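Working notes, structure below.
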Amino acid sequence: MVLDRRSLIMGGGVAAIGLGTAPRAATAQGMTFAPTPPIVPVMARRDRMFRVTVCLRPFLATGPRIELERVGGKRVVHHYGHGGSGWSLSWGSAQIAVPLALAEGKRIAVIGAGCIGLTSAITAQRMGADVTIYTRDRFPDTRSSWATGAWTPSSRIAHVDAAGPDFAATWERMARASFAMHQSYLGMAGDPVEWTDRYLLSDTPAEPRAARLAALEAAHPGRAHFAELDPMVADMVPKSQPLDPAQHPFPTAYARRTSTMTYNVAAYCRQLEAEFLAAGGRFVHDTFASVRDLRRIAEPVVMNCTGYAAKALFGDERLVPVRGQIAWLLPQPGVTYGIYYRKLSVLARRDGIVVQPLGDDDYFGFGDDSEVPDMAAAYAGIDEAAALFAGKPAA
């Protein structure tokens, strides 16, 4: 079974979650699976919430914009619009964007210090460029700092009908290159990238993709569908393991376990900044109100890695914000996994346990540009997680 984001999450409801079981060997469908490790319940309490963050994912129906444009005497390489796949695709898309900049010169300015800006700058350095990053915000104040932190290479990456005929192949190239780069950060101090388990729980069988798309079309006739490209790179990630009731601690009819990459964003951002500086890069604090301000930049070549801010700075009205909100719980020893439960995601990272409502489908938060935290929604998500870990029936 190929596990794209929505089919993983929307497989059905769950009744409760309990403690871990003792290790045991088990088989299913003729395959041998590793025993289920003990599950330490998340202490999902309001008093353990230490912040709420909002991230605006920059969505373009055609997919990321990677192209050269001459603006006000500058040669500008645009590199933005990755939707919910910025961290996941960053290295691969940089490998496409940076050569466009290098063809114009070796002295490059990068605008923006989020995941796309940092990876573009480091990629340019590795290809022989002298790079300066101009930015108003650095970690932990960039929008990228507030991302969920999971490998989601096709999450809100494009609309099926708007993406060009070559987009799927380009996406696969970006995804595979990014995946390979991310593996080079495994085992580093601070665990900037690591593999962690996910438990996918439901009371009903997973809905086939065709049936799910048909239901969405019936509910929202004529609405564009998001591209789901994960099957193209399914060979890179572990297959999910079906668990029978004797193999897991969850009182649900259906459960699957898989593993996926987690980005511990705090450690990852610091690691990337350190790499950039060690290679001779420098940060310049600056704010650009319009393209006319680009004249202040000394470098002749500019990489525009501003994400959703490109809408105002470069007048790209095609950009659509996709709002995502996370409630952060204190890190907890022994909690190193994630759970997808109906319309809720709970994911443990080194810098906190993120609780995120997912909505009915990928249009949840679409077109919403509010960056004001919704505290009522944050508390509701924590309360749902608390009920889940307390073993109470789901509403």
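The values are calculated or read from the model by the stated rules, or taken from the named source; none is laboratory data. A quick note: this is a predicted structure, and the numbers were derived from the prediction, not measured. Methodologically, a virtual Cβ is constructed for each residue, glycine included, from the backbone with ideal geometry; neighbour enumeration extends over all protein chains shown. SASA here: full protein model, heavy atoms, side chains in, ligands and nucleic acids out. Shrake-Rupley method; radii C 1.70, N 1.55, O 1.52, S 1.80 Å.
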**Prompt:** Hey, among the residues in region 160-173 that are open to solvent by 70 Å² or more (accessible area, probe 1.4 Å) and touching a residue at least 24 places away in the same chain (Cβ under 8 Å), which one's farthest from the chain's Cα centre (by Cα)?
**Reply:** 161
**Message:** Take the conditions open to solvent by 10 Å² or more (accessible area, probe 1.4 Å), hydrophobic (A, V, I, L, M, F, W, C) and over 30 Å from residue 104 (Cβ atoms) and apply them to residue 355. Does it pass?
**Reply:** no
**Request:** Within region 368-378, count every residue that is in a helix (DSSP H, G or I) and either surrounded by 15 or more Cβ atoms within 10 Å (Cβ to Cβ) or in contact with a Phe, Trp or Tyr (Cβ under 6 Å, 6 or more places away or on another chain) (or both).
**Result:** 1
**Complete:** Over region 288-308, the set of residues under 29 Å from the mean Cα position of the chain (by Cα) and open to solvent by 70 Å² or more (accessible area, probe 1.4 Å) is 289
**Fill in**
Residue count, region 59-82, condition closer than 12 Å to residue 307 by Cβ and either modelled with pLDDT under 95 or open to solvent by less than 10 Å² (accessible area, probe 1.4 Å) (or both), comes to 7
**Message:** Step by step: first the residues of region 379-394, then only those that are open to solvent by 40 Å² or more (accessible area, probe 1.4 Å) and touching a Lys or Arg at 6+ places or on another chain (Cβ under 9 Å), then the one that is modelled with the lowest pLDDT. Which residue is that?
**Reply:** 384
**Request:** Collect the residues in region 201-212 that are open to solvent by less than 60 Å² (accessible area, probe 1.4 Å) and either touching a residue at least 60 places away in the same chain (Cβ under 8 Å) or assigned to a strand (DSSP E or B) (or both), keeping them in residue-number order.
**Result:** 201, 202, 206, 212
**Message:** Quick test for you: out of 138, 143, 176, 198, pick the one residue that is touching a residue at least 40 places away in the same chain (Cβ under 8 Å), open to solvent by less than 30 Å² (accessible area, probe 1.4 Å) and of a type outside the set (A, V, I, L, M, F, W, C).
**Reply:** 198
**Prompt:** Of the residues that make up region 275-285, is at least one touching a residue at least 24 places away in the same chain (Cβ under 8 Å), open to solvent by 40 Å² or more (accessible area, probe 1.4 Å), under 20 Å from residue 87 (Cα atoms) and not aromatic (Phe, Trp, Tyr)?
**Reply:** yes
**Prompt:** How many residues are among the β-branched types (Val, Ile, Thr) and open to solvent by 50 Å² or more (accessible area, probe 1.4 Å) if we restrict to region 40-58?
**Reply:** 1
**Request:** Those residues that are in a loop (DSSP other than H, G, I, E, B) and either out of contact with any Lys or Arg (no Cβ under 7 Å at 6 or more places or on another chain) or surrounded by fewer than 17 Cβ atoms within 10 Å (Cβ to Cβ) (or both), I need them from region 229-248; list them, please.
**Result:** 229, 237, 238, 239, 244, 248
